[in-house]
1. Which residues, taken from segment 60-80, are closer than 24 Å to residue 120 by Cβ and part of a loop (DSSP other than H, G, I, E, B)?
2. Residue 84 fails exactly one of the following numbered conditions: (1) loosely packed, with under 10 Cβ neighbours inside 10 Å; (2) at negative phi; (3) at pLDDT 85 or above. What is the number of that condition?
3. Restricting to segment 102-122, count the residues that are in a helix (DSSP H, G or I) and either closer than 19 Å to residue 76 by Cα or in contact (Cβ under 8 Å) with a residue 40 or more places away in the chain (or both).
4. Which is out of contact with any strand residue (DSSP E or B) (no Cβ under 9 Å at 6 or more places or on another chain) and either free of Cβ contacts under 8 Å to residues at least 24 places away in the same chain or surrounded by 11 or more Cβ atoms within 10 Å (Cβ to Cβ) (or both), of 99, 75?
């Protein structure tokens, strides 16, 4: 595999992925980073992020802050302190700071697995009637 080395004209991409833009007064170099969403997803899949976990069955109970993978979804099963829970909602909250929205909290609303299945069954009965 041979690497092409050619002189880059103003405003074109060089062999190394750099874009050179020339002006009358200044020369700028803009470095482009080429990334793949699939590759990024695979790399970040094993990272663990802190979530605030709340059991939502009345009365709501705070189960503390736990680390889980970033791709948690509703319906997934989670074991906390030896007890099985099912995720019923995932919430990402953002706050406006210095003109930009930045992540402030990640929250998992969970129910015991038995309660989650019972709620699904009761919702089905309600829809049929």
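The values are calculated or read from the model by the stated rules, or taken from the named source; none is laboratory data. What you see is a predicted model; the values in this text were computed from it and never measured. Don't worry about glycine lacking a Cβ; one is built from the backbone with ideal geometry, like all the others, and counts go over all protein chains shown.
1. Selection gives 60, 71, 72, 73, 74, 75, 76.
2. Of everything listed in (1) loosely packed, with under 10 Cβ neighbours inside 10 Å; (2) at negative phi; (3) at pLDDT 85 or above, residue 84 misses just condition (1).
3. Going residue by residue through segment 102-122, those that are in a helix (DSSP H, G or I) are 113-122.
Filter once more, so that each one left must be either closer than 19 Å to residue 76 by Cα or in contact (Cβ under 8 Å) with a residue 40 or more places away in the chain (or both): 113-121.
Matching residues across segment 102-122 total 9.
4. Details: 75 fails: out of contact with any strand residue (DSSP E or B) (no Cβ under 9 Å at 6 or more places or on another chain).
Going through 99, 75 in turn, the sole match is 99.
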